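The values are calculated or read from the model by the stated rules, or taken from the named source; none is laboratory data. Being a predicted model, the structure only gives us computed values, none of them experimental. Methodologically, a virtual Cβ is constructed for each residue, glycine included, from the backbone with ideal geometry; neighbour enumeration extends over all protein chains shown.
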Amino acid sequence: MNDTRTIFFIGKPGCGKGTQASFLSEVTGWEVISAGKQFRSIASEETPVGHKVKSEIDVGILAPHWFAMYLYLKSLFGVKEGASIIFDGFNRKVPEAELVISSLTWLNRPFIVIEIKVSDEEVERRLAKRKGIEGRADDSAIDERLKEYKEYTEPAIEVFRMAGTLVEIDGERTPEEIAASIREALAL
């Protein structure tokens, strides 16, 4: 299992996590499991949970850690022996970071967390552009999303830093340059 890879992307809203996860998947063939896509899919359902998730996404609030971890563990438990995997967005709160570390340690599965670092100004620029292209409701809630990031995700990043699993990547370059830095950091 030494060459099995488990990669997590973390960073501010609009930093390019999904784009970079896709680029890495294209190069490696590894599956991407996206928290955001799963939550947006649930939000489209005509159920009480779907309505609650949609209302929170629309105003930029992160899902409760137990919900994100339910989706993460469900996905992790389905990964085949020896398969490499890319997780996008399952590690945004301290309890999530702790559970990621605990679950993968228990499975004896090494992992790396890639933080794509961008400024708040870059987030605002990118989300305004993405809103015009994709029309995602949560891209209107930039201030709330940055507040949630600072309150919840920055401490989670510190958990990964202290665990020695964090790799920082400068996210204020072209997507191709960022992807090259990620491949270099992963020795691919």
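If you go through segment 112-129 and keep only what is surrounded by 15 or more Cβ atoms within 10 Å (Cβ to Cβ) and at pLDDT below 95, you end up with 122, 123, 124, 126, 127. Taking residues in segment 9-21 that are touching a residue at least 24 places away in the same chain (Cβ under 8 Å), and partners anywhere that are of a type outside the set (A, V, I, L, M) and part of a helix (DSSP H, G or I), the pairs with Cβ atoms closer than 6 Å and at least 6 places apart or on different chains are 9/17; 11/17; 12/149; 13/145; 14/126; 19/175.
The single residue among 14, 18, 36 that is under 16 Å from residue 179 (Cβ atoms) and under 14 Å from the mean Cα position of the chain (by Cα) turns out to be 18.
Please find, within segment 1-20, the residue that is modelled with the lowest pLDDT out of those that are over 15 Å from residue 76 (Cα atoms) and surrounded by fewer than 23 Cβ atoms within 10 Å (Cβ to Cβ). Per the stated criteria, the residue is 1.
Pairs meeting the criteria (first residue in segment 49-66 and on the phi > 0 side of the Ramachandran plot, second residue of a type in the set (Gly, Ala, Ser) and in a loop (DSSP other than H, G, I, E, B), beta carbons under 9 Å, at least 6 apart or on different chains) are 60/141.
Within segment 124-146, not a single residue is in contact with a Ser or Thr (Cβ under 7 Å, 6 or more places away or on another chain), within 17 Å of residue 16 (Cα to Cα) and touching a residue at least 40 places away in the same chain (Cβ under 8 Å).
The single condition among (1) under 22 Å from residue 155 (Cβ atoms); (2) surrounded by fewer than 17 Cβ atoms within 10 Å (Cβ to Cβ) that residue 31 does not satisfy is (1).
What pairs come up if the first residue lies in segment 176-188 and is touching a residue at least 60 places away in the same chain (Cβ under 8 Å), the second is in a loop (DSSP other than H, G, I, E, B), and their beta carbons are under 8 Å apart, counting only those six or more places apart or on different chains? As it stands, the answer is 178/16; 178/171; 186/5, since those pairs meet every condition given. Taking every residue in segment 76-91 that is buried (at least 24 other Cβ atoms within 10 Å of the Cβ) and pairing it with any residue that is in a helix (DSSP H, G or I) and acidic (Asp, Glu), at least 6 positions away or on another chain, the pairs with Cβ-Cβ distances below 8 Å are 90/96. Considering the conditions (1) of a type in the set (Asp, Glu); (2) touching a residue at least 60 places away in the same chain (Cβ under 8 Å); (3) touching a strand residue (DSSP E or B) at 6+ places or on another chain (Cβ under 8 Å), residue 168 is excluded by exactly one of them, (2).
Scanning segment 45-64 for any residue that is crowded, with 16+ Cβ neighbours inside 10 Å and either of a type in the set (Ser, Thr, Tyr) or over 23 Å from residue 123 (Cβ atoms) (or both) turns up nothing. Screening 56, 26, 115, 81 for residues that are within 12 Å of the chain's Cα centre (by Cα) and among the acidic types (Asp, Glu) leaves exactly one candidate, 115.
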